[in-house]
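Heads up, the thing below is written out as structure tokens.
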Amino acid sequence: MTEMARLRKTHPMMEAIVDEVDGRRMRVGNHWLTDFASCNYLGFDLEPEIIAAVPEYLARWGTHPSWSRMIASPRLFIEIEQELTELLGAEDSLTLPTITHIHLSVIPALAGQGTIFLDHNAHRSIHDGCIMARAWGATVQRFDDDNPAQLEEMLRACRTYPRLVCVDGLNSMTGNIPPVAELARVTRANDALLYIDDAHGFGVIGERGPGELSLYGSRGNSLIRHIGESYDGIVLVGGFSKAYSSLLAFVACPTDMKNYLKATTAPHTFSGPSPVASLATVQAGLKLNARRGDAIRADLHRKTARILDGMKQVGLASLNRSGSPIIEVPIGTPDSIDAIGDHLFNRGIYTTLAPYPLVPRNKVGFRIQVTAANTDEEISHLLEVLTEIAEMLPHPTSTRRE
Ligand SMILES: Cc1ncc(COP(=O)(O)O)c(C=O)c1O
């Protein structure tokens, strides 16, 4: 049995059944914990004005359109795509229910019988999309997204077209951003498309500028705007199911590509759409983002910095070099994961365990995610528990960085 399968069977911090939530607190049986495993970075899942927006949409549209998007779409989709395209500063965008649907259908459509260059550490759903593409005749080669020179060599040796380079944006485990500008230079110079999954960056990081309230930048309009790149030769994928707490995902791409994808991707033709309640929370979320998003992100940045600073003080390392709200804590001794997980759980802290093979053996540990809805008191308690964890580990993990 793999480490992951064993923990799933035995550890209370895996597949927990949550009986009740209260803000960012959750009750599992009769045990209350603070949720530091949530991707609801902006806290929109709990925002009264977003919750209040839903009934009116249901009254107007019913609970679920049920048409596939090829058959018909409520106008809401068109409005969302227009607003999203403007926010991202892209040429156009296409929405489908989830990023997983997008990877499984868009990667094969763009790769054809050509070659995909897949980052080793990309999210599992990208790997699955590449497996699907291989079944349709594409070749898959692996590279390391921290190594654009290796990618350039592989692209130069490649004899087939099309060429697609698939990477994560803001990484879901390390919280870091790959060298996108350099990857984009290499892909453009070698007639390849760069396909980026910024599931965790969208809503959190955005365009930089003098008026910004935090290092996350403004507007939460994702990685390409954050680093000041152009969309030329880049396909950006993201979703509303993390920062926006809703069920909808998008591909930002040129209009010609959007039309090609509409004609070729199975989820557009055959899958049911996002439910009306999700379209409502996306629209209400976009409105709230425009009004208060930057202040919420500044608060999120401050809370995250508090945790990262507190960890440094007690000698706990993190893989996080970016200040993003994803803080993986490698524990250095993979065998301690049960004990560390038990301690967190018993002290009322819920995090994501990161066992092998979810992460490489030397990075086994746990992942803390911060949301704007976590209170300062909850963060003070987390820091107390992290101090205890630092004392449980044989050496300060800061001496054994990546
Ligand atoms: C990087 C990344 N991509 C894709 C997904 C899947 O997104 P969705 O739930 O929209 O399919 C996740 C979810 O955790 C993710 O972290």
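The values are calculated or read from the model by the stated rules, or taken from the named source; none is laboratory data. Since this is a predicted model, take the numbers as computed values, not measurements. Cβ atoms come from the backbone with ideal geometry, glycine included; neighbour counts cover every protein chain shown. All accessible areas refer to the heavy atoms of the entire protein, side chains included, with ligands and DNA or RNA removed. Shrake-Rupley method; radii C 1.70, N 1.55, O 1.52, S 1.80 Å.
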For this session: Mind running the shape call on the chain? Use the C-alpha gyration tensor, a ≥ b ≥ c as the square roots of the eigenvalues: rounded below 1.5 for a/c, prolate if a/b tops b/c, oblate otherwise.
Result: oblate
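Per DSSP helix of 4 or more residues, -39500 (n - 2.57); summed, then divided by the residues of the chain. What does that give at 222 nm, rounded to the nearest 500?
Details: 13 runs with 166 residues, N = 402.
Calculated mean residue ellipticity at 222 nm is -13000 deg cm²/dmol.
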Exercise. Counting only DSSP beta bridges with both residues in the chain, what percent are antiparallel, rounded to the nearest 5?
Worked result: 55
For this session: Quote the FRET efficiency, to the nearest 0.05, computed for E391 versus A305 with a Förster distance R0 of 30 Å and r equal to the Cβ-Cβ distance.
Result: 0.85
Exercise. Counting alpha carbon pairs within less than 8 Å and at least 6 residues apart, what relative contact order, in whole percent, applies to the stretch 48-288?
Worked result: 28
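Could you tell me whether the stretch 48-288 comes out rounded, prolate or oblate from its Cα gyration tensor? Rule is a ≥ b ≥ c as square roots of the eigenvalues, rounded for a/c under 1.5, then prolate if a/b exceeds b/c, otherwise oblate.
It is oblate, given that a/c is not under 1.5 and a/b is not larger than b/c.
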For this session: Quick one: work out the % antiparallel among DSSP beta bridges in the stretch 48-288, nearest 5.
Result: 35
Exercise. Could you sort D232, D198 by accessible area so the largest value comes first, with the probe set to 1.4 Å?
Worked result: D232, D198
Problem set entry | Förster radius 35 Å - calculated FRET efficiency between W32 and E91 (Cβ-Cβ, nearest 0.05) | 0.15
Problem set entry | Mean Cα-pair separation over length for the chain, i.e. relative contact order, pairs under 8 Å, 6 or more apart, % | 23
For this session: Find how much the distance from S380 to E20 grows on full extension, using 0.36 nm per residue of separation minus their present alpha carbon separation; answer in nm with one decimal.
Result: 127.3 nm
Exercise. Per the 1.4 Å probe, what fraction of the accessible area of the stretch 92-235, in percent, lies on carbon and sulfur atoms?
Worked result: 52
Seminar exercise, completed: Expected vector for the stretch 168-175, Karplus 3J(HN,Hα) from phi with 6.51, -1.76, 1.60 and θ = phi - 60°, integer Hz, x for Gly and Pro, equals 7, x, 4, 6, 6, 10, 8, x
Problem set entry | Cα→Cβ-extended label distance, 7 Å offset, between A135 and Y356, nm | 3.0
Exercise. Looking at the chain, which longest stretch skips every one of the chymotrypsin sites (Phe, Trp or Tyr not before Pro) that is in a DSSP loop with at most 12 other Cβ atoms within 10 Å, leaving the sites themselves out?
Worked result: 137-402
Seminar exercise, completed: With all protein chains present, the stretch 253-349 has a carbon and sulfur share of its accessible area (1.4 Å probe) in percent of 54
Exercise. For E91, which sequence-distant residues (separation of 5 or more, or a different chain) have an amide H within less than 5 Å of its own amide H, given hydrogens modelled in the peptide plane?
Worked result: C253
Seminar exercise, completed: In a Gaussian network model of the chain with springs linking alpha carbons closer than 10 Å, the residue among Q150, Q141, Q369 that fluctuates most is Q150
Problem set entry | Nearest-0.05 FRET efficiency for K9 and A72, computed from C-beta distance (R0 60 Å) | 0.85
Exercise. Ordering E15, E378 from largest to smallest accessible area (1.4 angstrom probe), what's the sequence?
Worked result: E15, E378
For this session: Run the quick spin-label model on D144 and R159: label points 7 Å from Cα toward the beta carbon, then report their separation in nm to one decimal.
Result: 2.9
Seminar exercise, completed: Taking a straight Cα-to-Cα line shorter than 16 Å from K363, and setting aside same-chain aspartates and glutamates fewer than 8 residues away, one finds E3, E328, D335, D338, E402
Seminar exercise, completed: Residue-normalised value, i.e. accessible area per residue, for the chain at 1.4 Å probe, in Å², stands at 42
Problem set entry | Low-density loop cleavage sites - trypsin sites (Lys or Arg not before Pro) in the stretch 159-266, where at most 12 other Cβ are within 10 Å (DSSP) | R159
